[in-house]
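Data block below; observations after.
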Amino acid sequence: MGYVKWMDNLSKVLKIVFCLFFLDVTWMVYRIIKKVNEKNWAMMVVWIVIAVFLFWIWWIVDLITVIMKDKVIEF
């Protein structure tokens, strides 16, 4: 839970830096941990699948949403 709070409290500039191609793994871990804390197992599996198969394109979605809304997309 500390990781999720830390990521939520980052400045917008650091959030954007973490959206870069290989650093976007931090946001995938953030989503998975957040779903584990919510005990939402189905969405946790969805984020794991996205992290494994769509990481090469998902970082662009994260970058756009962080710039526009200051947070990443969550289902």
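The values are calculated or read from the model by the stated rules, or taken from the named source; none is laboratory data. If you're wondering where the values come from, they're calculated on a predicted model, not measured in any experiment. Positions of Cβ are backbone-derived with ideal geometry, glycine not excepted, and every protein chain shown enters the neighbour counts.
Things to note:
- So residue 45, is it under 18 Å from residue 58 (Cα atoms), of a type outside the set (S, T, N, Q) and exposed (fewer than 15 other Cβ atoms within 10 Å of the Cβ): yes
- So residue 66, is it out of contact with any Asp or Glu (no Cβ under 6 Å at 6 or more places or on another chain), of a type outside the set (D, E, K, R) and exposed (fewer than 15 other Cβ atoms within 10 Å of the Cβ): no
- Taking the numbered list (1) surrounded by 12 or more Cβ atoms within 10 Å (Cβ to Cβ); (2) hydrophobic (A, V, I, L, M, F, W, C); (3) in a helix (DSSP H, G or I) in turn, residue 52 passes all entries but (1).
- Region 12-34, subset in a helix (DSSP H, G or I) and more than 11 Å from the chain's Cα centre (by Cα), residue surrounded by the most Cβ atoms within 10 Å (Cβ to Cβ): 16
- Some residue of region 17-31 being free of Cβ contacts under 8 Å to residues at least 60 places away in the same chain and touching a Leu at 6+ places or on another chain (Cβ under 6 Å): yes
- Count of region 35-49 residues which are under 10 Å from the mean Cα position of the chain (by Cα) and either at pLDDT 95 or above or not in a helix (DSSP H, G or I) (or both): 0
- Apart from one condition, residue 73 fits all of (1) in contact (Cβ under 8 Å) with a residue 40 or more places away in the chain; (2) in a loop (DSSP other than H, G, I, E, B); the exception is (1).
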